[in-house]
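I have placed the structure first, in the form of structure tokens, so that the comments after it can refer back to it.
The values are calculated or read from the model by the stated rules, or taken from the named source; none is laboratory data. Predicted, not measured: the structure shown is a model, and the values here were computed from it. As a convention, Cβ positions derive from the backbone with ideal geometry for all residues, glycine included, and neighbour counts pool all protein chains shown.
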Amino acid sequence: MFDHLKIIIHQGKQYIPDVTTAVVPGIFRGRPVISSEISDWKALAEICPTGAITSAPVSIDLGRCLFCGECAFLFPDRIRFTTDYKLACNVREDLIILSGEDKPVELRPEFIRKEISGLYGRSLKLRQVSAGGDNSCELELNACGNVNFDMGRFGIEFVASPRHADGIVITGPVTENMAGPLQICYDAVPEPRLIILAGTDAISGGIFDGAPALNRSFLSKYQIDLYVPGNPVHPLTFINGVLELIKKRKKND
């Protein structure tokens, strides 16, 4: 019993009472802030393995960013990563962080479909599809339901069958071999159905973007309801993004 008490005292309380205000450790890389005083932007852009950094103006695309931190190591006085984990949005362009700006990433209520808050405000079942993922995002999504984050308290859960789901969560860059199964899974979800892209690979292809082994045509056919950046996605990023999606429009209707 004393050993258990020592562990509890050492680790502290694991359960997060409020996932919307939780504080993450300083080693976490969240939303970046870019100084407007960067001159050598070419060196900055060249160090990025996914082309997430561009110029005129200098910006970082969180949909491509691997959160490796190399840009901050090269320019420590010009770029810093905050611990802001609320990175999800429903407009792809809103994932682009511009230099000189320090504002949160938010969902736009006007682009949230009305049926989402009407049907899923209290219960949302999701089918996760690993479309060529490396299991990093998949592991973090599994963690969303553990005793620490307890996503189920909001009625949000992952289910085994797409026929029991309200939408799909896609991880991975969508390989050619998974393009067909992904379509089959989506077609099996009853209408209306959500599509959530979780992780850099799913949003942009990540380091695999442009590879002949990918077939991302599925993503151009349908509206994407939520983009959740991260490499991998942090559980708090995913949970807060989904909560905003199913509740924000209701607050603004």
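For the subset of segment 158-208 comprising residues that are charged (D, E, K, R) and more than 13 Å from the chain's Cα centre (by Cα), which member is surrounded by the fewest Cβ atoms within 10 Å (Cβ to Cβ)?
Looking only at segment 158-208, we keep the residues that are charged (D, E, K, R), and these are 163, 166, 176, 187, 191, 193, 201.
Right, trim to more than 13 Å from the chain's Cα centre (by Cα) and you get 163, 166, 176, 187, 191, 193.
Values: R163: 11, D166: 22, E176: 13, D187: 9, E191: 6, R193: 17.
My answer is E191.
Given the conditions (1) assigned to a loop (DSSP other than H, G, I, E, B); (2) farther than 30 Å from S59 by Cβ, and given that G100 satisfies all but one, which numbered condition is not satisfied?
That leaves (2) as the condition not met.
Here are some conditions: (1) over 19 Å from V105 (Cβ atoms); (2) in contact (Cβ under 8 Å) with a residue 24 or more places away in the chain; (3) assigned to a loop (DSSP other than H, G, I, E, B). R64 meets all but one. Which one does it not meet?
(1)
Collect the residues in segment 159-187 that are free of Cβ contacts under 8 Å to residues at least 40 places away in the same chain and over 18 Å from L119 (Cβ atoms), keeping them in residue-number order.
A160, S161, E176, G180, Q183, I184, D187
Looking only at segment 14-36, which residues are loosely packed, with under 12 Cβ neighbours inside 10 Å and touching a residue at least 60 places away in the same chain (Cβ under 8 Å)?
Q14, Y15, T20, V23, S36
Could you say whether any residue in segment 194-207 is at pLDDT below 95 and among the small types (G, A, S)?
Checked against the condition, which is being at pLDDT below 95 and among the small types (G, A, S), segment 194-207 yields no hits at all.
Only residues that are surrounded by fewer than 17 Cβ atoms within 10 Å (Cβ to Cβ), farther than 18 Å from A22 by Cα and not small (G, A, S): list them for segment 139-157, please.
Selection gives L139, N142, E157.
Could you say whether any residue in segment 92-114 is at positive phi and surrounded by 14 or more Cβ atoms within 10 Å (Cβ to Cβ)?
Taking segment 92-114 as the starting set, the residues that turn out to be at positive phi are 100.
Now narrow it down to the ones that are surrounded by 14 or more Cβ atoms within 10 Å (Cβ to Cβ): none.
Checked against the condition, which is being at positive phi and surrounded by 14 or more Cβ atoms within 10 Å (Cβ to Cβ), segment 92-114 yields no hits at all.
Considering only residues that are part of a loop (DSSP other than H, G, I, E, B) and surrounded by fewer than 18 Cβ atoms within 10 Å (Cβ to Cβ), which ones fall in segment 37-60?
First, the residues of segment 37-60 that are part of a loop (DSSP other than H, G, I, E, B): 37-40, 48-52, 55-58.
Answer for segment 37-60, where residues must be part of a loop (DSSP other than H, G, I, E, B) and surrounded by fewer than 18 Cβ atoms within 10 Å (Cβ to Cβ): E37, S39, D40, P49, G51, S55, A56, P57.
List the pairs whose first member sits in segment 220-245 and is acidic (D, E), whose second member is part of a helix (DSSP H, G or I) and surrounded by 24 or more Cβ atoms within 10 Å (Cβ to Cβ), and whose Cβ atoms are under 8 Å apart, counting only residues at least 6 apart or on separate chains?
Taking only residues 6 or more apart or on different chains, the pairs are D225/L245.
What are the pairs with Cβ atoms under 7 angstrom where one residue, in segment 111-140, is outside the structural domain of Y222 (by TED's automatic domain parsing) and the other, located anywhere, is among the small types (G, A, S) and surrounded by fewer than 17 Cβ atoms within 10 Å (Cβ to Cβ)? Sequence gap at least six, or different chains.
Partner pairs satisfying both residue conditions: none exist.
Of (1) out of contact with any Leu (no Cβ under 9 Å at 6 or more places or on another chain); (2) loosely packed, with under 14 Cβ neighbours inside 10 Å, L119 satisfies all except one. Which?
(2)
Can you spot a residue in segment 67-75 that is surrounded by 14 or more Cβ atoms within 10 Å (Cβ to Cβ), under 14 Å from the mean Cα position of the chain (by Cα) and modelled with pLDDT of 90 or more?
yes
Of everything in segment 96-115, what is closer than 14 Å to I196 by Cβ and at pLDDT 95 or above? Give them in sequence order.
L107
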